[in-house]
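Scroll down for the structure; my scribbles are underneath it.
The values are calculated or read from the model by the stated rules, or taken from the named source; none is laboratory data. Everything numeric in this text was worked out from a predicted model, so none of it was measured. Here the Cβ positions follow ideal geometry from the backbone for every residue, glycine too, while neighbour counts run over all protein chains shown. Surface areas here come from the heavy atoms of the whole protein model, side chains and all, with no ligands, DNA or RNA. Shrake-Rupley method; radii C 1.70, N 1.55, O 1.52, S 1.80 Å.
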Amino acid sequence: MADQLKTGRTLEPQVTRDAPVARRGLAKGAPWLVVFVLLAAVVWLGWRAFLYQEEGDPVGSAMLAFERQNALTVFSSRFEVVAESEDTRGVLGVPVLRSRQATIIPASVEYRLDLSGMDRGDFAWDAEGETLDVTLPPIRTTTPNLDEARARVFTEGSWVTRDASQDLARNNSRQAQAKASAFARNPEVVALARQAAKAAVRQNLAIPLQVAGYGDVRVRVRFEDETEAS
């Protein structure tokens, strides 16, 4: 040290020789650090979007599943209705022409659940039994759709005028519409639609709840006019 001071030379710090090595090591590790941060961000976003449940609320998850559908068609009935009409045409009050027409018309009706009006009071969650009870609104039927293009028409009469034919067709259409509506309200058909509705609701809720992480949840369903769920 004294000899160096005598010669007028100064000591160079050793750190200046190691600093470039440290900077090179940091530069090599920087890309991997960026990749790690990006990967962690992707994993977090995926968990947040698909697995995270803010409140752990199965009722909220069930309501969300219903909100996405709004309405659910649970059953469709296809059948045929038969309508029959008679027509009499006369001259000077004397019946001269008599005709009759029978029509067989294919028809279809859909049975739907309106899910838009359901609220939290229609759901009950039993955490201990892992069971979700759902109360459904009444089933609604659509206006019967008559496929008159495929109707089979049978007409009797020695001479059927154009007016008579039109009147017979109109009368049969009105009858067919009324009979189709009555058939759609048949208790046996409605019972089938209600069973289909319960099965559809159980399936539409059980799977999303399992995906949301609530496990093998049991879903019990009943209508407003029923006392027990199934």
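Quick look at the values:
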{"item": "Per-residue SASA entry for ILE207, accessible area with 1.4 Å probe, Å² rounded to 10", "result": "90"}
{"item": "Long-range amide H partners of ARG220 with built H, under 5 Å", "result": "LEU132, ASP133, VAL134"}
{"item": "FRET efficiency estimate (nearest 0.05) - Cβ-Cβ, VAL153 to ARG98, R0 25 angstrom", "result": "0.90"}
{"item": "Low-density loop cleavage sites - GluC sites (Glu not before Pro) in segment 84-163, where at most 14 other Cβ are within 10 Å (DSSP)", "result": "GLU128, GLU130"}
{"item": "Å² per residue, accessible surface of segment 141-187 at 1.4 Å", "result": "70"}
{"item": "Volume per residue that the Cα convex hull of segment 118-230 spans, once the total is divided by residue count, Å³", "result": "148"}
